[in-house]
1. Please give the per residue accessible area of segment 248-345, computed with a probe of 1.4 Å over protein heavy atoms only, in Å².
2. Starting from the Kirkwood Rh over alpha-carbon pairs, what translational D in µm² s⁻¹ does segment 452-540 have by Stokes-Einstein at 20 °C and 1.002 mPa s?
3. If you put +1 on each Lys and Arg Cβ and -1 on each Asp and Glu Cβ, how big is the dipole of segment 452-540 around its Cα centre, in Debye rounded to 20?
4. At a 1.4 Å probe radius, carbon and sulfur cover how many percent of the accessible area of segment 374-435?
5. Can you give the accessible area per residue of segment 356-441, in Å², using a 1.4 Å probe?
6. Over segment 552-637, what portion of Cα pair distances is larger than 20 Å, expressed as a whole percent?
7. Tell me the label-point distance for the pair VAL80, SER395, using the 7 Å Cα-to-Cβ offset, in nm and rounded to one decimal.
8. Average projected area of the Cα convex hull of segment 225-311, in nm²?
Amino acid sequence: MARRGAGTLFLLQLSLLLLLCPGGEWGLSWSLGCASVAVDSPIVPLGSAVTASCTIQSELCRGLEQGKVRITWMLDNEPVAGSQRRGPGGTEVSNLTLPQFNRTQARLWCCVEWNGTKQRVGMAEIRAGYPPAKPSNLSCVLNLSDYGLTCQWQQGADSHLPTSVTLKCASKPCPLLEGPRAHPSCCHRSRAQAVTGCTPQGGRSHCTVPRRLLQLYRQMELWVSATNALGTAESEHLCIDPMDVAKLDPPALQSIQSIPFQTDCVSLAWEVARSNAHMELQCELRYRAPEDPAWALVTGIIGQAGTAQRCGFLFGTRYHFQMRCRRSSARGYWSEWSPGRNYTTHEKAPTGKLDAWWSTRPAGAGGRLEVQLRWKAPRRREANGRVLGYRVTLSPRRRGRDPPAVCNTTHTQCNFSAPAGTTRVYLSAYNAAGMSAATEVVLLERKGQPLAGLRAMPGGERSLWVRWEAPLAPTAAYVLEWQRVPSVPGRCSACWQMERDGAATAALIRDGIEPFQRYNISLYPLYKDAVGVPIHTAAYSKQKAPSYAPKLHLKSISKSDAELCWDPVPVEMQNGFITSYTIFWANSTADVSSATVNPSLSSFVIRELKPSTLYKVHIMASTAAGSTNGTSLTLVTTVLDDIEIQFLFLTLALVFVLLMVLLICFQKNGRVKQQFWPSVPDPANSSLGKWVPAELQQEPPQLPGVREPGLAAISTVTVLERAAGKQ
């Protein structure tokens, strides 16, 4: 009983200690006063062996003094096997070797078994990882606002161990370098005292060396050092003059103006930031218009402040200008681009000729001509500003006087009436600076030789390549027309473009082209004195499966045939050229059959069906890019064909008519009637029915109601005998 009480007290003490020492607060190792755990090293390379020992002093553990101690091990919550022996001074010692420790962190517990219960009496915490990886790509930038040197690098693979990272720097100068980075060996010979420049916070891979540790305009040595319990790694050493990696503040654009007027040159005034005023700088200027795909760059601008000139700008165009600078020694970093400044160049009267296209028809009474004239807006380089409108006249401008206009519009088309025989009209564009020279439009007749062939193919999702065979007669130009099918309100009803190269045999059209839409394309050759007859084709820039398949309708059915019909898929839902329709039909036994139908047809007859059988039918519409199935139609074949039904009805009718004829004949012909229905005498009219004996004639009749009730009395019995020889 005393032993059991002592053991209970030991367990209570052990439990209280475990409660007061949570798992996160054990530290590197922990043990009761009677037990100690030792490991060869608490931090080891990942995958290496770990050796540990646990020593139990029984006399110090109350309740275990007289019992046999059995020591076991647990790695976190997994049991591991060790060896046990008796040590000096009555101690029990257990040794454990883990041949390959593959965990980054674990707790090794020493346990004892007492009274059938396993209790933890000691612990050692083990961590494993790798030596730190070598930092790389060290680079630095000097900020002139506070003259702090900010450096950044790539840290490398995780070591799984606590790692201290610092940026080291040495003030002893390295040999003079030709660039912002030196070969590493040039600095390894330095024997200067290294100091800690800065320490990154929160696991970051950048930090800033303060100004007090820097020597400007002199070479310095910098490197990154990473250290953990398994070793130290250093990056390549960087030898720089901090001023060579200075990032300057951006300059400021003061003013922009055109010089002189009516030229394509501008002048820009600029000045550098105050922090850069003592440096010799080289600067760059960039500019672009909203429509330009890339910036135009002007290099080689030298000086601290001043002006810069640039030519080649478009008239009446809004440009965005920016500028940046760096030290003229061509070392260091460019400053950020300055805040942008917008400037619109002055306008100039439009130049160049306008592309025009026309159609004419007689106006009816009065002998006038209805003209529809269309044209393209001038290109940016020819518009010289914002075009305000267009004028169409029937005669050219003479002696500075403008003739009357038949059209003055802001649109790019005009319908007007002209006298019969009009063969030329004159088209001009104008902006705020003036009017362009008139473009002469000759209204040629459409009677020229047509082209031999025309085809179109995709040039992309939103473009089409059109190719044709050149005619034998020389051409001056070509006009391409294309129209979406069906036309969409708000879009050009017939888009067009002119190819001025008479030798061209191909053109790319982009305006208004969308995927999955059909376009009708027409090509007109323009000859010297006539317009050729157009040639036509249709094309898609991209195809896909139809949006839906047609709905089948049953037109007629018999015991072996079924005629189906459908409405064609609308053009806007086809998404490509319909290459075929496929009809599928199947009965209840899952015998599936199919037939391919030409896309120009809208009906089909399924033959060789079984009589009185249920079939499910559907149609599939296909393009070159995919297919779409329609809804299913259920039909049942008949037992008889129409001809068989007609023959049956005809037979029944003939039988009925024959019966009626026979009946009439029987009614009209007495001999025939007598033969089939002989005459039977009426017994009431026979002589026997009228004969009464003489005795009955003399006896008065007896009335039933007069006679008294009572027993019936028979007064006379008459026997009738057939007289001999009487019928």
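The values are calculated or read from the model by the stated rules, or taken from the named source; none is laboratory data. Model, not experiment: these values are computed from the prediction. All Cβ positions, glycine included, derive from the backbone under ideal geometry; neighbour counts span all protein chains shown. Heavy atoms of the whole protein, side chains included, go into the accessibility calculation; ligands, DNA and RNA do not. Shrake-Rupley method; radii C 1.70, N 1.55, O 1.52, S 1.80 Å.
1. Accessible area per residue: 51 Å².
2. 161 µm²/s
3. Value, rounded to 20: 160 debye.
4. 45 percent
5. Here the per-residue accessible area is 56 Å².
6. 32 percent
7. Result for the modelled spin labels: 11.2 nm.
8. That works out to 10.4 nm², a quarter of the Cα hull's surface.
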